[in-house]
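Undergrad: Here it is, the structure in full.
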Amino acid sequence: MSEKRCEKLVCVVNGLSLVPPVSGVGRVTLELSKRLFGDGSDWKPLYYYGYYSSRLMDLGGMNGGSEIKRLALRFVRSNYVIKSLARKALNFYGHFRNSNATVYWEPNHVLLKHIRARVTLLTIHDLSCVFYPQWHPKERLDFWESNFRRGVEKADMIVTVSDTIRKSVLEYTGLHEERVAFIHNGVDHELFRPLPDACLADFRARHNLPARFFLCVGSIEPRKNLKNLLVAWLSLPYRVRGECKLLLIANSGWKNEDIMKLITDGEESGSVALIRDVASFDMPFYYGLAEVFLYLSFYEGFGLPPLEAMACGAPVLVSDIPVHREILAGAAMYVSPSDASIIAERLEDLLINSPSASGACERSLRAALYSWDKSAAGYAAIMESLNEKSERMISCPPKRK
């Protein structure tokens, strides 16, 4: 591309999902941004974190003075009242700063009113706020109901993270099919891969992990179905479970008082362990050591952890929901998520007949189908198409009536 054209390729990215505590949406935003806007890219990114910066936030590298910034951002993001006031205060600044942007990419469901660009790209990960409002805080639902429809109607292109969600979006919104595409999320195969037995054994010893454990990863919220999982696990007799523990790597969530009570009961009995704030570079060790990885959500838009666990060689038991069938196909084991007694029967079978030695090749091949490079290439093609649309808008502006 010519230098003149390159100067026009400014992409504004809503980076608020990168502000701690980072969710799955934040992971997707980070992985795609690294690949879309790295060295050699024609796009000049401008990230919005409540302020504007050309730098991609590196949460893992924050220390010293940056730690103060990280804690401040965490407070703003977790406090819905403060976050709402911050949005309103920054409206004017957003209009002024981004008037010449080519593309505004919103990676987190809802277009922000104050970010301006010639064309807009919206990523929708799921419609849980629409179909299951009881799982979400009231403040989030209020924001969604006030802004989601407006953003969907305004977006020049919408991307969903699975075909399952694409079909739901089309049915719910009534949009034309050409306005909604799906691009699967990816796996970082340099990070998530089988590790040598000696490395795993050393990690187990250093972190004092049990000899046997089933692993579950996710935020502590109703959608993740931790209540049924914990009820099922705690119902298993010791003669079946033995010394095997249920290890939960979880972030703080919401509407989870009953779940936290079950976790506490499990910790007191020695059968459940809760670990928080695990660094991403440690996750392959946990996946590689797990006897079985569990992911029994009632609803997902994609589900990154099961694929990452598969890439590390772990057997995976997931809820039997459409998106898991789409993404994982025959490489995973399935169970109905709605009945704790059925889950308990499945867990008992896995404890007695360990699946660790079987299906490793199929799991590896399935995980290999997904990569962030492939995902980024799909986004790049859409962004190039949007840029061409913006150039047509400049050369042929609409006539005034």
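The values are calculated or read from the model by the stated rules, or taken from the named source; none is laboratory data. Note that the structure is predicted; figures quoted are calculated from it, not measured. Every residue, glycine among them, receives a Cβ derived from its backbone with ideal geometry; neighbour counts consider all protein chains shown.
Undergrad: Across segment 184-193, which residue is farthest from L247 (Cα to Cα) among those that are charged (D, E, K, R) and touching a residue at least 12 places away in the same chain (Cβ under 8 Å)? Step through it out loud before you land on a result.
TA: First pass over segment 184-193, keeping only residues charged (D, E, K, R): 188, 190, 193.
When the remaining residues are screened for being touching a residue at least 12 places away in the same chain (Cβ under 8 Å), the result is 188, 193.
On the way: D188: 23, R193: 20 Å.
Filtering segment 184-193 for residues that are charged (D, E, K, R) and touching a residue at least 12 places away in the same chain (Cβ under 8 Å), the one farthest from L247 (Cα to Cα) comes out as D188.
Undergrad: Hey, can you tell me all the residues within segment 29-41 that are surrounded by 17 or more Cβ atoms within 10 Å (Cβ to Cβ) and not basic (K, R)?
TA: T29, L30, E31, L32, S33, L36, F37
Matching residues to (1) of a type in the set (F, W, Y); (2) part of a loop (DSSP other than H, G, I, E, B); (3) over 27 Å from S146 (Cα atoms); (4) modelled with pLDDT under 80:
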{"site": "P21", "(1), (2), (3), (4)": "no, yes, no, yes"}
{"site": "V28", "(1), (2), (3), (4)": "no, no, no, no"}
{"site": "S33", "(1), (2), (3), (4)": "no, no, yes, no"}
{"site": "P45", "(1), (2), (3), (4)": "no, no, yes, no"}
{"site": "R55", "(1), (2), (3), (4)": "no, yes, yes, no"}
{"site": "F75", "(1), (2), (3), (4)": "yes, no, no, yes"}
{"site": "G94", "(1), (2), (3), (4)": "no, no, no, yes"}
{"site": "N100", "(1), (2), (3), (4)": "no, yes, no, yes"}
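Undergrad: Can you pull out the residues in segment 294-315 that are within 24 Å of G242 (Cα to Cα) and either part of a helix (DSSP H, G or I) or within 18 Å of the chain's Cα centre (by Cα) (or both)?
TA: So the first thing to find is which residues in segment 294-315 are within 24 Å of G242 (Cα to Cα), and the list is 294-296, 309, 313-315.
Within segment 294-315, L294, Y295, L296, A309 qualify.
Undergrad: Sticking with this structure for a sec: So, in segment 169-228, how many residues would count as being in contact with a Gly (Cβ under 7 Å, 6 or more places away or on another chain), closer than 25 Å to L296 by Cα and either charged (D, E, K, R) or outside any loop (DSSP other than H, G, I, E, B) (or both)? First the steps, then the outcome.
TA: Taking segment 169-228 and keeping what is in contact with a Gly (Cβ under 7 Å, 6 or more places away or on another chain), we get 183, 194-195, 200, 219-221, 224.
The next check asks that each one be closer than 25 Å to L296 by Cα; those that pass are 183, 194, 219-221, 224.
Subsequent filtering for residues that are either charged (D, E, K, R) or outside any loop (DSSP other than H, G, I, E, B) (or both) retains 221, 224.
Final tally of qualifying residues: 2.
Undergrad: Being surrounded by fewer than 18 Cβ atoms within 10 Å (Cβ to Cβ), within 19 Å of the chain's Cα centre (by Cα) and assigned by TED's automatic domain parsing to the domain that holds L351 is the requirement here; does S252 meet it?
TA: Working: surrounded by fewer than 18 Cβ atoms within 10 Å (Cβ to Cβ): yes; within 19 Å of the chain's Cα centre (by Cα): yes; assigned by TED's automatic domain parsing to the domain that holds L351: yes.
Answer is yes for this residue.
Undergrad: Has segment 333-345 got at least one residue that is among the charged types (D, E, K, R) and in contact (Cβ under 8 Å) with a residue 24 or more places away in the chain? Before you say what the answer is, go through the steps one by one.
TA: From segment 333-345, those among the charged types (D, E, K, R) are 339, 345; that's our starting set.
Now drop any that are not in contact (Cβ under 8 Å) with a residue 24 or more places away in the chain, which leaves 339.
Within segment 333-345, one or more residues are among the charged types (D, E, K, R) and in contact (Cβ under 8 Å) with a residue 24 or more places away in the chain.
Undergrad: Further question: From P210, P196, grab the single residue that is over 20 Å from W135 (Cα atoms) and free of Cβ contacts under 8 Å to residues at least 12 places away in the same chain.
TA: Numbers: P210 fails: free of Cβ contacts under 8 Å to residues at least 12 places away in the same chain.
Testing whether each residue is over 20 Å from W135 (Cα atoms) and free of Cβ contacts under 8 Å to residues at least 12 places away in the same chain leaves just P196.
Undergrad: If we keep just the residues of segment 318-353 that are over 23 Å from the mean Cα position of the chain (by Cα) and of a type in the set (V, I, T), which is nearest to L304 (Cα to Cα)?
TA: Filtering first and then ranking leaves I343.
Undergrad: Let me ask you something else. Go through the residues of segment 150-172 one by one and say whether even a single one is over 22 Å from the mean Cα position of the chain (by Cα) and at positive phi.
TA: Scanning segment 150-172, I find no residue that is over 22 Å from the mean Cα position of the chain (by Cα) and at positive phi, so the answer is no.
Undergrad: Another question about this same structure. Could you list, in sequence order, all residues of segment 354-396 that are of a type in the set (S, T, Y), more than 26 Å from the chain's Cα centre (by Cα) and in a helix (DSSP H, G or I)? Steps first, answer last, please.
TA: As a first pass, look at segment 354-396 and keep what is of a type in the set (S, T, Y): 354, 356, 358, 364, 370-371, 375, 379, 385, 390, 395.
Retained after the next criterion (residues that are more than 26 Å from the chain's Cα centre (by Cα)): 354, 356, 358, 390, 395.
Within segment 354-396, S390, S395 qualify.
Undergrad: Still on this model: Name the residues in segment 275-293 that are closer than 13 Å to L200 by Cβ and not in a helix (DSSP H, G or I), would you?
TA: Matches in segment 275-293: A290, E291.
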